[in-house]
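In what follows, a single structure is set out as structure tokens and then discussed.
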Amino acid sequence: MEGLRNRYLFLLFLGGILPPVMGGQPAFAEFGANYLYNLSDFAGTVRYGQVRLYADRLHDEVYVADGDSVRIFNRTGMEVYRFGDDQEIGSIYGMAVDEAGDIYTLSYDLRVPGILSYYLCRCNYRGEPREKIAVSNLPEGYADFEPNTLIYRNDRFFLVSTTRMKAVVTDKRGAFVRAYDFADIVGIPEKDRPSTELFGITLDEAGDIFLTVPAFFKVYRISPNGKVASFGKPGGAPGFFGVVSGIAVDSAGNILVSDKLKSVVMVFDKDFTFLTQFGFRDGKPGSLAGPTDLALGNVGRLYVTQLQRRGISVFSLTSN
């Protein structure tokens with residue numbers, strides 16, 4: 001039946017009944033993305049560049065860490081609160097919010113030159129620091145581990161070093177649970193380790209870990225049972241990668257991947273089949289300039305950071 005359907009659609013296309021593929025978007029993709037707005041304050045769009053982004057789906061808010069401060073935006077994209085510039089919180093590299101509304105930051109104390117000391121800082125809903133949490137009982141080989149990304153899932157923290165391609169999982173008290181050497185898991189050759197790093201990382205609802213590795217033009221999926229799958233090839237055609245960066249997975253299993261070189265966000269289904277892409281560096285509303293990080297918020301909203309201080313663009317996603 002599927003073969004007959006595809007043949008029927010092909011004949012319709014030849015007959016001019018169906019529209020051709022435009023702008024690299026397949027005519028039959030069952031996925032849509034509509035640009036809504038950029039995150040803003042009362043002065044207009046906040047001209048963010050490379051920043052850390054976290055979407056709190058439970059409370060329908062977005063957190064943006066820029067240096068030592070965090071700004072919070074509501075569901076309409078307007079800034080409602082900010083905190084930071086506190087020595088106890090330190091320099092913020094990542095953040096997450098738990099079910100109770102407590103805010104956790106991955107922070108570094110940069111006051112002593114040449115010494116990097118990281119910790120988790122638990123803050124209340126107003127961003128007021130309440131507790132420093134040290135990461136403890138790390139295994140051998142992780143003494144110089146320096147994470148730059150924080151993910152929270154089900155009472156566990158994932159502290160990730162994108163440059164080392166490693167991660168440490170702790171409980172909410174900072175006690176070590178397990179470690180991941182992603183380079184080893186996905187089979188990066190030893191000779192390529194020094195020059196290879198991951199850019200984007202996320203976890204889906206099933207606990208699968210997704211990584212983007214720009215040097216190999218690949219997206220990797222690591223299942224809880226240790227099974228590894230991947231997709232991606234270099235090229236300029238739709239569905240092929242230039243420089244992969246951020247990644248997000250929606251509740252239907254669709255995989256969204258940003259490409260800094262092509263200035264688009266590509267969408268693949270759970271079987272790694274290319275569906276569509278959007279963004280396009282054409283100067284129109286909703287166009288993107290070097291999209292980097294992605295975050296999925298509530299009710300199908302996608303938040304996209306980008307280069308050239310273009311701010312954070314917000315899209316509404318629809319999927320069948």
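Quick notes on this one:
- Those residues of segment 40-57 which are within 22 Å of Phe157 (Cβ to Cβ) and surrounded by fewer than 16 Cβ atoms within 10 Å (Cβ to Cβ), in sequence order: Arg57
- Flag for Ile151 being in contact with a strand residue (DSSP E or B) (Cβ under 8 Å, 6 or more places away or on another chain) and assigned to a helix (DSSP H, G or I): no
- Where a residue in segment 294-320 is farther than 16 Å from Arg57 by Cβ and touching a residue at least 40 places away in the same chain (Cβ under 8 Å) and its partner, wherever it lies, is among the β-branched types (Val, Ile, Thr) and in a strand (DSSP E or B), with Cβ under 6 Å and at least six apart: Gly311/Thr45; Ser313/Val304
- Scanning segment 58-78 for residues that are modelled with pLDDT under 90 and either buried (at least 19 other Cβ atoms within 10 Å of the Cβ) or in a loop (DSSP other than H, G, I, E, B) (or both) yields a total of 4.
- Elements of the type strands (runs of 3 or more DSSP E) sitting completely within segment 173-226 and holding at least 1 residues that are among the small types (Gly, Ala, Ser) and over 19 Å from the mean Cα position of the chain (by Cα): these cover 176-181.
- Condition check for Phe182: among the aromatic types (Phe, Trp, Tyr), in contact (Cβ under 8 Å) with a residue 24 or more places away in the chain and touching a Ser or Thr at 6+ places or on another chain (Cβ under 7 Å): no
- All strands (runs of 3 or more DSSP E) inside segment 265-320 with 3 or more residues being buried (at least 21 other Cβ atoms within 10 Å of the Cβ): 274-279, 301-304, 313-319
The values are calculated or read from the model by the stated rules, or taken from the named source; none is laboratory data. Note that this is a predicted model, so its numbers are computed, not measured. Heads up, the Cβs are rebuilt from the backbone with ideal geometry, glycines too, and the neighbour counts pull from every protein chain shown.
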